[in-house]
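*Asks:* I'd like to ask some things about the structure below.
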Amino acid sequence: MASSCRRPEHTAPPDVFYNEEEAKKYSQNSRMIEIQTQMSERAVELLNLPEGQPCFLLDVGCGSGLSGDHLSEEGHHWVGIDISTAMLDVALDREVEGDLLLGDMGHGVPFRPGTFDGCISISALQWLCNADKRSHSPPKRLHSFFSSLYSSLARGSRAVFQLYPENSEQLELITSQAMRAGFSGGMVVDYPNSSKAKKFFLCLFAGMTGVLPKGLGTETSDRTVPNQVQYSGQRCRFKDMKGKSGKRGRDWILEKKERRRRQGRGVRPDTKYTGRQRRPHF
């Protein structure tokens, strides 16, 4: 997107921006439909699903169901979640095959642990980086989303997000919250030297450490322009510590408590005394 254009997320909240007039474009504009379909195809390719085996997938920010159409064509079953009633109405009119859910992904995804074999999202994730209300905190909303998503995915599965990051700080915010929630993975950049064809895909691994796929158009790309950015979870840093074990530190305790919360276990609330080093008694 050109810098002179105003980004949609700066115009209005998603449930307001994607009104009936905007939603109609996703069923009538052939160019928009083509772009959405191409990005959906690439996202499914990056999921690396078992060949010939139907999977149960989550489509976050499903909108009018264009990405879901590709999932259905590939023989998969899916559930779509979106915050815009107008977009979901278009999906219903189009009679998409997936199940649809009205919801704000910033509140988390309301599914049982291990429900899905994978997740895709097209042009939606960057909306969580904006505070549309005084009560909205982008880091908290991102963490709530990624934590609930991590829980709802089967271990060993992937989540792929096509997004339009505004800047490097936004990319860092998104990836840091994903890693904090337990994911590993990183950013795959297709056609890194092209101003129009360049696309960002956040490829996340749930419960495993995978090898990032290569970005498209990298055979002739400038080696100074990266097409992959690898990230790892917070817990990996303890492996590199020498000397005193980090398992008694505050960070380790907070991470363990958060992991137990995601598993649905009862955990005491965090306080300023959590992980406090007590003086030895004689």
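*Asks:* Mind ranking 196-208, 146-158 by how tightly packed they are, going by the mean number of other C-beta atoms within 10 angstrom, highest first? Display every interim value, and only then the final one.
*Replies:* On the way: 196-208: 18.8, 146-158: 20.4.
Averaged packing, sorted descending, gives the order 146-158, 196-208.
*Asks:* Next up: List every residue whose amide H lies under 5 Å from the amide H of residue 78, counting only residues 5 or more places away in sequence or on a different chain, with H placed 1.01 Å from N in the peptide plane.
*Replies:* Under 5 Å from the amide H of residue 78 lie the amide H atoms of 57, 99, each far enough along the sequence or on another chain.
*Asks:* If amide H atoms are built 1.01 Å from N in the plane of the peptide, which residues on other chains or at least 5 residues away come under 5 Å of the amide H of residue 184?
*Replies:* Those lying under 5 Å, H to H, from residue 184 are 205, 207, 208.
*Asks:* Roughly speaking, what is the stretch gain from residue 56 to residue 22, that is 0.36 nm per residue apart minus the C-alpha to C-alpha distance, in nm to one decimal?
*Replies:* Working: separation 34, 0.36 × 34 = 12.24 nm, distance 2.90 nm.
My answer for the length gained is 9.3 nm.
*Asks:* With θ taken as phi - 60° and the coefficients 6.51, -1.76 and 1.60, list the Karplus ³J(HN,Hα) couplings across region 178-184 in order, rounded to whole Hz; mark glycine and proline as x.
*Replies:* 5, 5, 4, 7, x, 6, 10
*Asks:* Which pairs break 31 Å Cα to Cα here: 214/257; 199/256; 199/272; 133/272? Each step should come with its number before you reach the end.
*Replies:* Details: 214/257 35 Å; 199/256 35 Å; 199/272 42 Å; 133/272 28 Å.
Those over the limit are 214/257; 199/256; 199/272.
*Asks:* May I pose another question? Can you send over the carbon and sulfur percentage of the accessible area for region 8-206, probe radius 1.4 Å, protein chains only?
*Replies:* 46 percent
*Asks:* When the chain is fully extended, how far beyond the present Cα-Cα distance does residue 167 get from residue 92, taking 0.36 nm per residue of separation?
*Replies:* Working: separation 75, 0.36 × 75 = 27.00 nm, distance 3.48 nm.
Length gained, residue 167 through residue 92: 23.5 nm.
*Asks:* Mind listing the phi-derived Karplus ³J(HN,Hα) values for region 97-108, rounded to whole Hz, using 6.51, -1.76 and 1.60 with θ = phi - 60°, and x for any glycine or proline?
*Replies:* 7, x, 7, 10, 9, 8, x, 9, 5, x, 8, x
*Asks:* Which whole number of Å³ per residue matches the convex hull of the alpha-carbon atoms in region 8-206?
*Replies:* Numbers: hull volume 22.6 nm³, N = 199.
Enclosed volume per residue, from the Cα hull, is 114 Å³.
*Asks:* Determine ³J(HN,Hα), in whole Hz, for all residues of region 75-89 in sequence, where each value follows from phi through the Karplus function 6.51 cos²θ - 1.76 cosθ + 1.60 and θ = phi - 60°; x replaces Gly and Pro.
*Replies:* Listing the rounded values in order: x, 9, 9, 8, 10, x, 10, 8, 8, 9, 5, 5, 5, 5, 5 Hz.
The values are calculated or read from the model by the stated rules, or taken from the named source; none is laboratory data. All values derive from a computational prediction rather than experimental measurement. As a convention, Cβ positions derive from the backbone with ideal geometry for all residues, glycine included, and neighbour counts pool all protein chains shown. We work out accessible area using only protein heavy atoms, side chains counted, and drop any ligands, DNA or RNA first. Shrake-Rupley method; radii C 1.70, N 1.55, O 1.52, S 1.80 Å.
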